[in-house]
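Written below as structure tokens is the structure these notes are about.
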Amino acid sequence: MEQLIFYSLAGATVLFGMLVVIARNPVHSAIFLIGALMCIAGLYLQMGAEFVGGVQILVYVGGVMVLFLFVIMLVNVRTAERVRQLSPEWKTALLLAGALSVELVYLVLKGPGVFATAAPEAIPALQGNTQNVGAALYTKYLLPFEIASVLLLVAMIGAVALARSRMD
Amino acid sequence: MAEAGIALIKIAVVLGFVLNLAALLTWAERKQSAVIQDRIGANRASVFGLRLFGLFHIAADALKMLTKEDHVPQTAEKFIHGAAPFISFFFALMGFAVIPFGDVLRVGGREIPLRILDLNIGILFIFAAIALEIYGSVLAGWSSGSHYATLGGMRGSVQMFSYEIAWGVSLLGIFMVYDSLDLNRVVLRQGDLLWGVLPKWGIVTQPLGFLLFLAAGMAITKRVPFDLPEGESEIIGYFVEYSGMKFGLFFLTDFVLTILISALLATLFFGGYQLPYLEPDGFRFPWGATWSLDHYTVVFLQFVALVLKIVFFCWLLLAVRWTYPRFRYDQLMDLGWKVLFPLAVANVILTGLVLTLIE
Amino acid sequence: MFIFVALLLPVVALLAGRLLRPQMGHDTKLRPYECGVEPETDARERYSVRYYIIAILFVIFDVETIFLFPWAVIYDKLALFGFIEMLVFLGILIFGYIYVWKKGALEWV
């Protein structure tokens, strides 16, 4: 059952990802991207990372994708539709994609353990997923967390600076 | 098999309750407006001369919506146009999956948790559902290809953006006090007593949070006084190009969201299914008197308590809707960004300070 | 399971509507509604930049709120340390908020 859910979600993610590229109308592309992001959120939920799954939907689907849609609506769709679907660089893209698939096939054949990875730490016994995230974030990873606020500040200033010339 | 049956029964209870209450609210809204404006109100629909205070209007409305011609303008993006009301309605309903309507029901050695989904993230699930709700109005507005609809969609999404922030931050105090995002745990912790007499409800520990959440919640339902996306008298809104059942779904979404906000207010700030002094084995009053009740009576009383609280908040939101005029758009933005948001942040800092001082 | 039932409800409602309603197409009827005036321009045009600024600010503050949630649920364990830590975090963002306000990005006139 668990495997079935995993494979159907993974398959749907790939399918949506392909549709994002193929769709002619940019709004449709954005909607397929939303579908892909929601499938990924489903994968997180299935792995027991409820908090990450919720955040994925809240930030990416609920925030970033609406912003994408706004921007797409800003650009006139009718002109965008006339642009050629295939980029003239498709030969290079094919080469790169081929190289990547060879690598992937090699990895799958080798099985897990190709690269040495650190053993996962024991999860501290707290009452839930969100609590675990909090316990790690606010003690062990304190500095990255505080730096994140500086990053958000930069984003805020950038947004205002970008839009200011339009508002005046 | 039994598991699936129990799950289906729970779903039937929750959805049956929500949809019936939503239908009743369409009638209550008309009747209440009539009372407030000194009219008789909805009283025309009758079955064999029987009028029943206009209750048949609910059935009449439904029939009318089902049999009305479907109108899709030439400029519309057909598929998205059809999908938008569906998205809107579906995600509004999803929010109810994590609202607890009781603790556990013990039947024949089986423990049934009385909520549809047991998620550790609880409230984040509802936030996610509300965030997805935005797509209903944006896509409806964009896909219609009408100026009014597009403007309504833009207004709707930006309004939701502005108030979702204040909405989220205003709840943080509650989670700091009760240490969990899981709604059932929050409700259970609200069963404690403060100084032995006062129930430890959210309204007692977070009065400012309650006011902020109420104001932001009303903005999220997009009803008067926050109805700029659908301003009926000027731009009609993102559903201007909808008719029949598709419009009906948008119409119902507003009421479903009203019920969702009421349910959240009851759950987070008014103890959810908790009744003061009701313990799992009966009433235990602080002055020493006890009144023991069996398990089923307690579960039933708790369910009734939650229903009454939800109905009360629905009435409150409807009363607000018929009392206040609409905001201007700059006033709406100012309220969200310059009043509610700073107050919500101040509430978080204040709660943190008080909690630290208590310890 | 809840997802399926919730999905089913609007589908049934829309299907019932499709079976019952009359279908009478008419060219003028299908024009977009503009109070009776012929639409002059395409409705999908550019909108005020303020809508976009609010959307960007939403994403930023949304991420900030998300950071606060795990902090709130383990607040009793972090105690004073957590309080100071969050004051620093919020302080930087409140600075940004005041900057945005002073620059007039929140004004809507």
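Computed from the coordinates by the stated procedures, all read-outs in this text should not be read as laboratory data. In this text the structure is predicted, and so the values were computed from the model without any measurement. Neighbour counts are summed over all protein chains in view; Cβ atoms, including those assigned to glycine, are modelled from backbone coordinates with ideal geometry.
Overview of values
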{"quantity": "Greater than 28 Å apart at Cα, pairs in B:LYS338/C:LYS77; B:LYS64/B:LYS222; B:LYS200/B:LYS309; B:LYS222/B:LYS309; A:LYS140/B:LYS338", "calculated": "B:LYS338/C:LYS77; A:LYS140/B:LYS338"}
{"quantity": "For the range A:1-84: rounded, prolate or oblate by the Cα gyration tensor [a/c cutoff 1.5]", "calculated": "oblate"}
{"quantity": "Tensor-based shape of the range B:90-183 (alpha-carbon gyration tensor, a/c under 1.5 rounded, otherwise prolate or oblate)", "calculated": "oblate"}
{"quantity": "Rounded to whole Hz, the Karplus (6.51, -1.76, 1.60) HN-Hα couplings of the range B:126-132, x for glycine and proline", "calculated": "5, 4, 4, 4, 5, 5, 6"}
{"quantity": "Cα-based shape type of the range B:233-359, given that a ≥ b ≥ c are square roots of the gyration tensor eigenvalues and the cut on a/c is 1.5", "calculated": "oblate"}
{"quantity": "GNM flexibility winner over chain B from B:GLU133, B:GLU279, B:GLU164 (Cα, springs under 10 Å)", "calculated": "B:GLU279"}
{"quantity": "222 nm mean residue ellipticity, helices alone, for chain B (DSSP H n ≥ 4; -39,500 (n - 2.57); rounded to 500)", "calculated": "-21000 deg cm²/dmol"}
{"quantity": "For B:64-71, mean number of other protein chain Cβ atoms within 10 Å", "calculated": "5"}
{"quantity": "Cβ neighbours within 10 Å from other chains - mean over B:336-349", "calculated": "3"}
{"quantity": "Hydrodynamic radius (Kirkwood) for the range C:54-109, which is based on Cα pairs only, to one decimal in Å", "calculated": "12.7"}
{"quantity": "Under 5 Å, built H, 5+ apart or other chain: amide partners of B:GLU279", "calculated": "B:ARG284"}
{"quantity": "D_trans [Stokes-Einstein, Kirkwood Rh over alpha-carbon pairs] for the range B:143-286, 25 °C, 0.890 mPa s, µm² s⁻¹", "calculated": "143"}
{"quantity": "Compactness index (Cα Rg / 2.2 N^0.38 Å), the protein assembly as shown", "calculated": "1.01"}
{"quantity": "In sequence order, calculated HN-Hα J values of the range B:266-281 (Karplus, 6.51, -1.76, 1.60; Hz; x Gly/Pro)", "calculated": "5, 6, 8, 10, 10, x, x, 7, 6, 10, x, 6, 8, 9, x, 10"}
{"quantity": "Stokes-Einstein D (µm²/s) once Rh is taken as the Kirkwood radius of the range B:275-318 over alpha-carbon pairs, at 4 °C in 1.567 mPa s", "calculated": "112"}
{"quantity": "Per-residue HN-Hα couplings for the range B:349-359 [Karplus 6.51, -1.76, 1.60; θ = phi - 60°; Hz; x = Gly/Pro]", "calculated": "5, 4, 4, x, 4, 4, 4, 5, 5, 4, 6"}
